[in-house]
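The structure appears below as structure tokens.
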Amino acid sequence: MAKRSSSPSSYNGDRVIDVHQVFPEEKQEGNEETTRIGHKVGKRLNQPIKFREPWRPQKSFSRQVSLETGFAALKDDRRVLARSGRSFGGFASDTRVGGDGKKGDFNIFRTKSAIHKQNSMLPLRKEGETDFQKPDISVDLDESVNRSVPAGRYFAALRGPELDQVKDYEDILLPKDEKWPFLLRFPIGCFGICLGLSSQAILWRNLATSPATKFLHITPLINLFLWLLALAALLSVSITYALKCAFYFEAVRREYFHPVRINFFFAPWIVCMFLAIGAPPRLAPGRLHPAIWCAFMAPIFLLELKIYGQWLSGGKRRLCKVANPSSHLSVVGNFVGAILASKVGWQEPAKFLWAVGFSHYLVVFVTLYQRLPTSEALPKELHPVYSMFIAAPSAASIAWETIYGEFDGLSRTCYFIALFLYVSLVVRLNFFWGFRFSVAWWSYTFPMTTASLATIKYAEQVPGLLSKGLALTLSFMSSTMVSVLFISTLLHAFVWHSLFPNDLAIAITKKRNYTGKAYGKEKKPSKRAYDIRRWTKQSPLSLVSSITKQKVANKDFNGEAKV
């Protein structure tokens, strides 16, 4: 039977009868086979004529999966994904599947509804294609992006005192050479601005009302101005971060699992209590209502149950693994809550919070001081992050004085500890230079303010020229630091436009799929394994082990020789 060719070379737009769709079958002898084939061809000829596209040879597909995203790219050739950050997620890459290579698509960090919406852009299943032939990209993407990142992974992939800089050999899920959306670049550390301003409002209220500084004749208007400025900062930062939670919840989750930034989730509620404590007398002439304390302390208590439970129960997020100087921020909330509880008239809850805070402060202080060999290596640079050591004992001394109404022996003990740590940091001023400015620096100003407040309380109990001079000196230093940071923040935000760079810390991969040797760096053995190997070589057990190995080798050799 004559068959018309339908190859691309002979296709000129004429009508083509598709007779090549007959499924091949094995040749059989006899007229029965010929009759069956002829019947099929005749049946095909009786069907309406259809136009068909020129036949193209089907290419073999290879599946290439990007690191940590699970997003598979179907390619006709195998190429290594570039390490520019574009390859991860497949949405900001020019080689995106089923897309036109648009830039700036950060849907992998959006909320759950946005992630389901982005899956509609993936290739649809063709007719006749089974579930086994379709690459399940959406499931891999959802599992790899939304699953929590281990705490140790942050220490392994990031560097810097705040763990906000990606190491050179690491790659990220988002493009590095593009400017990210504002909400993705807005970190939770911005609540540090509110901490610095609200604590300054408390400081200037004490300077205006304390008997130890009454000779300065400070007007209460400074306290009112700082209180309003801190309130405006809190509202603006809270609204912006609430929008981030609504649109980029995955980024918020990654900040929550970050070993440093998880402590800043206490900051909004501590700022609210700071504003309640430092409220101007014009706005709060009488005693505060206890409902204010309940509203601000409840979120802190729930966070403590979660975090302190992880410290106590062990696991990958036990304290010796995730301890860092910012861990004091989770402890300070207990002392600030005790101060506010005492001011609303609830003495017993105030004592309870003080006891919980002081017990955990001792644990955090000892853990950070001795640097357990099982803990992750902390950065060597001395940075303002270490001023967090001052905040907890200073707040503890103020809280004890507020509860019992006297700056007695225990309150002075906590204050002297804070004063010694303050002096030990001040004498090392040369270590504080050479670091880039970041918003996280704001959170390290309120420990200086807290130490100034404790010094004012001490000057009230022990009046004298030295105590008053020390109170004025520390207050001047803290106010100067806040003023410098406020001016720097305005310059970086409105003049240099560099206040919020790309937040690379939240875009790290869940695990590292390659070794440093592939990029020209030899992967060093762990220190623990090296110490064990060195100990076994120096110990008498090494002699016994070497003798045993020699006997086994001789036995094997003799056995082979006999055979």
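The values are calculated or read from the model by the stated rules, or taken from the named source; none is laboratory data. Since the structure is predicted, the reported quantities are computational estimates derived from the model, not experimental observations. Don't worry about glycine lacking a Cβ; one is built from the backbone with ideal geometry, like all the others, and counts go over all protein chains shown. Only protein heavy atoms, including side chains, enter the accessible area calculation; ligands, DNA and RNA are left aside. Shrake-Rupley method; radii C 1.70, N 1.55, O 1.52, S 1.80 Å.
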Log entry, pairs with first residue in region 413-424 being at pLDDT below 95, second being small (Gly, Ala, Ser) and open to solvent by less than 70 Å² (accessible area, probe 1.4 Å), beta carbons closer than 6 Å, six or more apart or on different chains, reads Tyr422/Ala451
Given (1) under 29 Å from Gly160 (Cα atoms); (2) in contact with a Pro (Cβ under 7 Å, 6 or more places away or on another chain), identify the lone condition not met by Leu224. (1)
Can you tell which of Trp346, Trp293, Trp354 is over 22 Å from the mean Cα position of the chain (by Cα), within 20 Å of Phe389 (Cβ to Cβ) and not charged (D, E, K, R)? Trp354
With the first residue restricted to region 453-467 and required to be of a type in the set (A, V, I, L, M, F, W, C), and the second required to be open to solvent by 50 Å² or more (accessible area, probe 1.4 Å), Cβ contacts under 6 Å at 6 or more apart or on different chains are Ala459/Lys468
Yes/no for Ser313 being surrounded by fewer than 21 Cβ atoms within 10 Å (Cβ to Cβ) and of a type in the set (S, T, N, Q): yes
Would you confirm whether any residue within region 341-349 is out of contact with any Gly (no Cβ under 8 Å at 6 or more places or on another chain), charged (D, E, K, R), in a helix (DSSP H, G or I) and open to solvent by 10 Å² or more (accessible area, probe 1.4 Å)? yes
Residue set Ala267, Ala284, Ala251, Ala242; condition at pLDDT 95 or above, aliphatic (A, V, I, L, M) and farther than 15 Å from Gly192 by Cα; output residue Ala242
Of everything in region 431-450 that's open to solvent by 30 Å² or more (accessible area, probe 1.4 Å) and out of contact with any Leu (no Cβ under 9 Å at 6 or more places or on another chain), which residue is modelled with the lowest pLDDT? Gly434
Have a look at Val462, Val544, Val484 and point out the one that is modelled with pLDDT under 90 and among the hydrophobic types (A, V, I, L, M, F, W, C). Val544
Tell me which residues, restricted to region 398-412, are without any contact (Cβ under 8 Å) to a residue 12 or more places away in the chain and farther than 23 Å from Gly333 by Cβ. Asp408, Gly409
Taking region 460-487 and keeping residues buried (at least 16 other Cβ atoms within 10 Å of the Cβ), more than 19 Å from His217 (Cα to Cα) and among the small types (Gly, Ala, Ser) leaves Ser478
